[in-house]
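S.K.: Can you read through this structure? Questions will come right after.
The values are calculated or read from the model by the stated rules, or taken from the named source; none is laboratory data. All figures in this text were calculated on a predicted structure; none of them were measured in a lab. So basically every Cβ, Gly included, is an ideal-geometry build from the backbone, and we count neighbours across all protein chains shown.
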Amino acid sequence: MDKASVIGSILGVICCALVGYMASHGHWAMFYSEKGLIMVFGGTISVIFMAMPMERIKCIPGYCRRFLFNNGPNPTETVKILSGLSEKARRDGILALESDIAELKDPFLAAGLKMAVDGTDGEVIEATLRMEVMAMQDRHKAGKKFFDLIKLYAPGYGLVATLIGQVGMFGNLGGDVETLGHMLAIAVVATMYGTVLANAMAGPMGDKLALRSAEEILAREMMMQGILSIQAGDNPRTTQEKMLAFIPHRTRLQLAKAA
């Protein structure tokens, strides 16, 4: 569970609920509009189906899980694992790593080391792993795209509902005040739904996925350099230094102290 995502979500809900209670004095029904819900949420869902293929839509639960749970590779652990494997390869030969590959949890790292143990040329290993990174990046873009669609079109459908409410108001200018008030409520509440959905939910969630994607791509690049260094028979210290180049200075100091 990603603590920052949970804290931010809870804090956002508390702020909205607190301000809503202060404005309504507990009369929450004033924030409800079935016409606004139909227009904003139904319209946004229709946009998702129009803009994304069904294969990507089936992955939506995974996008939401990725926001709450960070299962990406830990750079510090990766450095430790590859440093140990580099020392073993230097001492016993690269074929000695074959027994360790089955114990690796990361399939990307395991696949790269397996190619190195099998004697695959370094350029082929790099090309294969880079293609896998590109495919992963494309999958991550689909998750970001899902939240970007909500962020872009939810306020738009809120505006459509607002215009519909205003048309209803203008059409009943000579009527009773209750009807005018009802149409005005539709206009204002629908805009609120779209704004909250876009800026309090979809926008931050999409930005978190983009950040996680960048971190995972960097971690894969670090793994790739470590694998290629082991395949080339570099000194274990050289292998470690290549990987440390991807890690912040403070983390490097912590690794040095732990060593």
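S.K.: Yes or no: the range 65-73 includes at least one residue that is in contact (Cβ under 8 Å) with a residue 40 or more places away in the chain, in contact with a Lys or Arg (Cβ under 9 Å, 6 or more places away or on another chain) and part of a helix (DSSP H, G or I).
M.R.: Of the residues in the range 65-73, the ones in contact (Cβ under 8 Å) with a residue 40 or more places away in the chain are 66-70, 72-73.
Among the residues that remain, those that are also in contact with a Lys or Arg (Cβ under 9 Å, 6 or more places away or on another chain) are: 66-67, 70, 72-73.
Still in the list and also part of a helix (DSSP H, G or I): 66-67.
Yes, some residue in the range 65-73 is in contact (Cβ under 8 Å) with a residue 40 or more places away in the chain, in contact with a Lys or Arg (Cβ under 9 Å, 6 or more places away or on another chain) and part of a helix (DSSP H, G or I).
S.K.: Looking at the range 81-114, which of its residues are touching a residue at least 60 places away in the same chain (Cβ under 8 Å) and not small (Gly, Ala, Ser)? Can you show your working first?
M.R.: Residues of the range 81-114 that are touching a residue at least 60 places away in the same chain (Cβ under 8 Å), as a first pass: 82-83, 85-87, 89-90, 94, 97, 106, 108-109, 112-113.
Those that are touching a residue at least 60 places away in the same chain (Cβ under 8 Å) and not small (Gly, Ala, Ser): Leu82, Leu85, Glu87, Arg90, Ile94, Leu97, Asp106, Phe108, Leu109, Leu113.
S.K.: Hey, among Lys3, Lys58, Lys80, which residue is closer than 30 Å to Phe246 by Cα, loosely packed, with under 12 Cβ neighbours inside 10 Å and of a type outside the set (S, T, N, Q)?
M.R.: On the way: Lys58 fails: closer than 30 Å to Phe246 by Cα; Lys80 fails: loosely packed, with under 12 Cβ neighbours inside 10 Å.
Matching residue, one of Lys3, Lys58, Lys80: Lys3.
S.K.: Of all residues in the range 214-253, which are within 30 Å of Gly143 (Cα to Cα), at pLDDT 85 or above and among the β-branched types (Val, Ile, Thr)?
M.R.: Ile217, Ile227
S.K.: Taking Ser46, is it in the same structural domain as Gly158 (by TED's automatic domain parsing) and within 26 Å of Gly165 (Cβ to Cβ)? Give the steps one after another, and end with the answer.
M.R.: On the way: in the same structural domain as Gly158 (by TED's automatic domain parsing): yes; within 26 Å of Gly165 (Cβ to Cβ): yes.
Criteria met by Ser46.
S.K.: While we're here: Between Ala111, Ala96, Ala135, which is in the same structural domain as Pro204 (by TED's automatic domain parsing), more than 29 Å from Ala4 (Cβ to Cβ) and surrounded by fewer than 15 Cβ atoms within 10 Å (Cβ to Cβ)? Outline the logic, then answer.
M.R.: Details: Ala111 fails: surrounded by fewer than 15 Cβ atoms within 10 Å (Cβ to Cβ); Ala135 fails: more than 29 Å from Ala4 (Cβ to Cβ).
That would be Ala96, the only listed residue that is in the same structural domain as Pro204 (by TED's automatic domain parsing), more than 29 Å from Ala4 (Cβ to Cβ) and surrounded by fewer than 15 Cβ atoms within 10 Å (Cβ to Cβ).
S.K.: List the residue pairs whose Cβ atoms are under 9 Å apart, where the first residue sits in the range 243-259 and is in the same structural domain as Glu215 (by TED's automatic domain parsing), the second is modelled with pLDDT under 70 and part of a helix (DSSP H, G or I), and the two are 6 or more positions apart or on different chains.
M.R.: Filtered contacts from the range 243-259: Leu244/Leu255; Ile247/Leu255.
S.K.: Any residue in the range 189-200 that's on the phi < 0 side of the Ramachandran plot: show its pairings with residues that are outside any helix (DSSP H, G or I) and polar (S, T, N, Q) at Cβ separation under 6 Å, as long as the two are six or more apart or on different chains.
M.R.: Here the result reads Val189/Ser33, each pair linking the range 189-200 to a residue that is outside any helix (DSSP H, G or I) and polar (S, T, N, Q).
S.K.: Given the criterion touching a residue at least 12 places away in the same chain (Cβ under 8 Å) and over 30 Å from Thr239 (Cα atoms), identify the matching residue among Ile38, Ile60. So that I can check it myself, show each step before the final result.
M.R.: Details: Ile38 fails: touching a residue at least 12 places away in the same chain (Cβ under 8 Å).
Only one candidate passes the filter, namely Ile60.
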